[in-house]
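The values are calculated or read from the model by the stated rules, or taken from the named source; none is laboratory data. Source: prediction; values computed, not measured. Glycine gets a Cβ as well: all are built from the backbone with ideal geometry, and neighbour counts include every protein chain shown.
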Amino acid sequence: MVTDAPDIRTTCPYCGVGCGVIASRTTDGRLEVKGDPDHPANFGRLCSKGSALAETLDADGRLLQPRLHGRDANWDEALDAVASGLRAVIDAHGPDAVALYGSGQLLTEDYYVANKLMKGFIGTANMDTNSRLCMASSVAGHKRAFGSDTVPGTYEDLEQADLVVLVGSNFAWCHPVLFQRLQAAQAKRGTRIIVIDPRRTATAEAADLHLPLRPGSDVALFNGLLAHLATVGAEDTAYVAEHVAGLDDALAAAQALSVYEVAAVTGLDAITLTRFFDMVAATQRVVTVYSQGVNQSTAGTDKVNAIINCHLFTGRIGKPGMGPFSITGQPNAMGGREVGGLANQLAAHMAIDSADDRDRVQRFWQAPSMVSTPGLMAVDLFRAIDRGEVKAVWIMATNPAASLPEADAVARALEKCPLVIVSDVTDQTRTAKLADILLPAAGWGEKDGTVTNSERRISRQRPLLPPAGEARADWRIICDVARRMGFAGFDFASPAAIFREHAQLSAFENGGTRDFDIGAYGAVEDAAYDAMLPFQWPAPKDQPPGGRFFADGGFFTGDRRARMVATPVRSPVEAPSDTWPLRLNTGRIRDQWHTMTRTGQVPRLFSHLAEPFAELHPADADAAGVEDADLVTVRSPHGQVIVRALITDRQQKGSVFVPMHWTNPYASCAHADALVAGHVDPVSGQPELKHMPVAVDKV
Ligand code: SF4
């Protein structure tokens with residue numbers, strides 16, 4: 001039974017849907033969670049992971065105290081060691097010899113002070129995050145098309161569309177509550193759903209049309225769609241004439257392949273292709289939702305722009321029920337972008353490569369060592385550690401020795417790195433085992449701050465419990481280190497104070513020239529911050545928050561016109577061969593999150609899928625002499641995993657799917673991402689996590 005202690009409203013820490021959660025205290029002292037009926041992301045719904053949050057709150061497995069070189073330490077010792085260690089490396093080798101690698105699990109306030117410390121005070125842009133693995137291609141595609149990293153879509157658009165095209169997204173498993181909202185709209189207004197995915201996923205099962213395209217052929221498909229839209233006269237000529245540039249080059253690239261050649265490249269039959277093209281051409285209210293199948297590719301940015309091209313060409317953007325819509329994987333991937341948490345970004349959606357932006361941020365921060373050039377992106381960052389160029393790295397709330405491509409090489413690089421600092425809730429990760437200094441961080445249920453979901457909605461995460469043991473908030477740890485390094489500008493008393501500065505910077509000399517502006521919150525009182533309701537940005541001073549971007553054009557380029565971008569077809573970097581005959585696709589399952597630091601504590605979340613597996617097509621299983629439930633080795637030149645074979649025709653012939661979640665802090669052959677080569681998109685730096693040639697053998 002629930003007590004009459006006040007309920008606490010907070011936000012789920014898992015996916016980018018950003019569902020509101022209400023926590024209540026029961027009479028026997030436990031916490032219960034349920035969906036917040038007033039939160040505009042979920043209106044009371046929660047998925048299996050969110051519903052199990054209360055079962056992840058005990059201190060079992062938590063890191064409770066700082067550790068220095070394997071021994072327990074107090075906070076003063078640990079913070080002194082971090083500050084003096086970073087200072088020694090900077091003094092001896094310069095600021096670019098240090099790096100920070102963060103996470104979409106950090107709250108915006110954590111991210112803000114980390115970015116300020118690195119880019120304004122230490123003077124290096126070597127600050128990247130695991131969001132590089134998640135949505136960097138989307139960021140780059142938005143900036144090429146719109147001149148800014150603006151997500152034009154909202155969740156309501158999904159409910160107002162007549163056709164929703166889901167590309168590279170197992171929406172039903174990876175963004176379950178949003179999928180439920182889409183299904184409710186489907187039942188109510190007959191929304192049609194098209195799924196574009198090499199696998200016949202749970203999402204594809206619910207679709208009106210499934211296009212099981214060849215992995216990596218999305219650009220050819222959307223180029224074919226653009227050429228078809230031109231052929232059937234679907235161009236919004238007035239919109240394009242007034243608001244779009246780059247049409248001729250983009251169209252020429254799209255028309256380079258005939259529909260039969262598009263069919264050959266994508267592996268789809270011409271009838272299915274034409275049906276897809278006709279459905280899109282005939283429907284005005286189209287939303288194209290895309291996720292990791294688009295982003296995690298060496299052609300990821302081109303895939304994003306090929307999708308956006310079709311929306312710009314038809315003027316289907318910035319209006320109810322239409323537009324391209326990037327759905328982020330992590331709870332705060334958007335918040336990280338807002339404060340400039342990637343190595344090629346500055347704060348408040350300003351750009352490192354703009355002298356004006358650098359000058360503006362430097363003056364606002366009174367920064368002594370402002371960066372002038374972009375830093376190392378995730379894959380390159382760990383290669384620089386391996387080469388000895390980066391000699392100190394601070395890793396926060398993520399496990400790159402298990403989750404980055406070539407994860408075994410990442411682990412070896414960290415073993416050699418002179419100073420590895422890890423802030424996390426647990427020491428039971430492969431990365432934490434490699435730390436010289438381990439800092440216990442507060443986790444979900446203890447943290448206090450804000451996150452931004454996939455539709456630009458900023459919500460509060462509120463504490464339900466005191467931090468376990470001696471754990472501390474990440475923002476506080478970062479500020480304590482900054483002060484010990486002698487930097488002014490980090491005397492924040494609370495996350496509310498950081499949020500105020502973040503909001504003030506977003507409005508500083510903005511004048512409507514940048515998309516991200518939450519200046520209305522620049523003077524928010526602590527009590528009002530505590531009580532803050534979810535709101536969508538933009539929220540400029542003296543204006544109500546929210547509103548629709550691009551309703552009347554008005555993009556953030558110099559001439560206010562969007563850009564269609566020519567996207568020539570490119571194949572994934574590595575092709576299957578006799579030695580490595582199958583393409584590996586890595587991804588998520590329904591009931592687990594990342595490397596299971598939290599969901600792995602809940603036994604009932606294993607009732608859906610209990611152990612790691614490799615999904616194989618029956619013909620490939622036959623060729624390898626593998627039967628259902630056999631143990632198999634999945635190998636590449638970079639590593640191997642041993643998993644259970646799951647034989648199914650949901651998987652395309654010639655491909656294999658392995659979930660990314662299972663890891664082992666002590667083993668080198670237990671991480672799916674260790675198999676993947678570190679090839680990255682040339683624009684976004686996002687790794688190609690879905691096309692690695694591998695071999696499968698019976699154990
Ligand atoms: Fe949490 Fe995402 Fe599930 Fe919502 S859909 S409850 S945000 S995991």
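Side notes on the structure shown:
- Test for Ile477: is it assigned to a helix (DSSP H, G or I) and either free of Cβ contacts under 8 Å to residues at least 40 places away in the same chain or over 21 Å from the mean Cα position of the chain (by Cα) (or both): yes
- Qualifying residues in region 18-32 (those that are out of contact with any Asp or Glu (no Cβ under 9 Å at 6 or more places or on another chain) and either part of a strand (DSSP E or B) or near the ligand (Cβ under 9 Å from one of its atoms) (or both)) - the one farthest from Ser326 (Cα to Cα): Leu31
- Entry remark, region 165-187: residues being among the polar types (S, T, N, Q) and buried (at least 21 other Cβ atoms within 10 Å of the Cβ) number 2 in total.
- Cross-chain or 6+ apart pairs with Cβ under 7 Å, region 161-190 first and more than 20 Å from Ile317 (Cα to Cα), then of a type in the set (Phe, Trp, Tyr) and assigned to a strand (DSSP E or B): Gly168/Tyr290; Ser169/Tyr290
- Candidates Gly336, Gly323, Gly329 - the one that is under 30 Å from Ala81 (Cβ atoms), in contact (Cβ under 8 Å) with a residue 24 or more places away in the chain, small (Gly, Ala, Ser) and in contact with a helix residue (DSSP H, G or I) (Cβ under 7 Å, 6 or more places away or on another chain): Gly336
- Selection within region 511-568 - farther than 30 Å from Asp218 by Cβ and aliphatic (A, V, I, L, M): Ile518, Ala520, Ala523, Val524, Ala527, Ala528, Ala531, Met532, Leu533, Ala539
- Every test in (1) part of a strand (DSSP E or B); (2) under 19 Å from Thr129 (Cβ atoms) is passed by Arg460 save one, and that test is (2).
- Where Thr150 falls short, out of the listed (1) in a helix (DSSP H, G or I); (2) within 27 Å of Thr450 (Cβ to Cβ); (3) not small (Gly, Ala, Ser): (1)
- Residue within region 169-191 that is closer than 21 Å to Leu273 by Cβ, within 21 Å of the chain's Cα centre (by Cα) and assigned by TED's automatic domain parsing to the domain that holds Asp269 present: yes
- Among the strands (runs of 3 or more DSSP E) confined to region 594-657, the ones with at least 3 residues that are in contact with a strand residue (DSSP E or B) (Cβ under 8 Å, 6 or more places away or on another chain) and not hydrophobic (A, V, I, L, M, F, W, C) are located at 631-636.
- Where a residue in region 284-295 is in contact (Cβ under 8 Å) with a residue 60 or more places away in the chain and its partner, wherever it lies, is surrounded by 24 or more Cβ atoms within 10 Å (Cβ to Cβ) and of a type in the set (Phe, Trp, Tyr), with Cβ under 9 Å and at least six apart: Val287/Phe325; Thr288/Phe222; Thr288/Phe325; Val289/Phe171; Val289/Phe325; Tyr290/Phe325; Ser291/Phe171
- Test: Ile352 is over 17 Å from Phe121 (Cα atoms) and buried (at least 21 other Cβ atoms within 10 Å of the Cβ): no
- Filter pass, Leu229 being away from the ligand (no atom under 16 Å from the Cβ), over 24 Å from Ser51 (Cα atoms), part of a helix (DSSP H, G or I) and among the hydrophobic types (A, V, I, L, M, F, W, C): yes
- Region 4-15 - residue that is in a loop (DSSP other than H, G, I, E, B) and farther than 13 Å from Lys49 by Cα and, of those, farthest from the ligand (Cβ to nearest atom): Asp4
- Residue list for region 437-453, restricted to those being more than 23 Å from Gly20 (Cβ to Cβ) and touching a helix residue (DSSP H, G or I) at 6+ places or on another chain (Cβ under 8 Å): Ile437, Leu438, Leu439, Ala441
For (1) at positive phi; (2) surrounded by fewer than 24 Cβ atoms within 10 Å (Cβ to Cβ); (3) not in a loop (DSSP other than H, G, I, E, B), each residue gets a yes or a no:
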{"residue": "Val287", "(1), (2), (3)": "no, no, yes"}
{"residue": "Lys303", "(1), (2), (3)": "no, no, yes"}
{"residue": "Met334", "(1), (2), (3)": "no, no, yes"}
{"residue": "Asp357", "(1), (2), (3)": "no, yes, yes"}
{"residue": "Leu376", "(1), (2), (3)": "no, no, no"}
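- Filter result for the condition that a residue is over 22 Å from Ser103 (Cβ atoms) and within 16 Å of the ligand (Cβ to nearest atom), over Ala73, Ala41, Ala54, Ala92: Ala54
- Residue count for region 359-374, restricted to those that are in contact (Cβ under 8 Å) with a residue 24 or more places away in the chain and assigned to a loop (DSSP other than H, G, I, E, B): 8.
Per-residue answers, yes or no, for (1) on the phi > 0 side of the Ramachandran plot; (2) away from the ligand (no atom under 16 Å from the Cβ); (3) hydrophobic (A, V, I, L, M, F, W, C):
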{"site": "Asp162", "(1), (2), (3)": "no, yes, no"}
{"site": "Phe171", "(1), (2), (3)": "no, no, yes"}
{"site": "His175", "(1), (2), (3)": "no, no, no"}
{"site": "Arg192", "(1), (2), (3)": "no, yes, no"}
{"site": "Ala202", "(1), (2), (3)": "no, no, yes"}
{"site": "Arg214", "(1), (2), (3)": "no, yes, no"}
{"site": "Val219", "(1), (2), (3)": "no, yes, yes"}
{"site": "Ala234", "(1), (2), (3)": "no, yes, yes"}
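- The set of residues in region 86-100 that are within 14 Å of Gly375 (Cα to Cα) and either in contact with a Cys (Cβ under 6 Å, 6 or more places away or on another chain) or free of Cβ contacts under 8 Å to residues at least 40 places away in the same chain (or both) contains only Gly94.
Okay, residues lined up against (1) surrounded by 15 or more Cβ atoms within 10 Å (Cβ to Cβ); (2) assigned by TED's automatic domain parsing to the domain that holds Leu166; (3) not aliphatic (A, V, I, L, M):
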position	(1), (2), (3)
Ala220	yes, yes, no
His228	yes, yes, yes
Ala254	yes, yes, no
Ser258	no, yes, yes
Leu268	yes, yes, no
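- Figure legend. Inter-residue proximity from region 101-125: first residues at pLDDT below 95, second residues not in a loop (DSSP other than H, G, I, E, B), beta-carbon distance below 7 Å, spacing 6+ or different chains. Indicated pairs: Ser103/Thr129; Ser103/Asn130; Ser103/Met396; Gly104/Thr129; Gly104/Asn130; Gly104/Ser131; Gly104/Ala333; Gly104/Gly336.
- Candidates Arg181, Arg189, filtered to the one that is at pLDDT below 95 and either over 28 Å from Met396 (Cα atoms) or among the acidic types (Asp, Glu) (or both): Arg189
- Meets criteria (in a helix (DSSP H, G or I) and more than 14 Å from the chain's Cα centre (by Cα)) for Leu166: no
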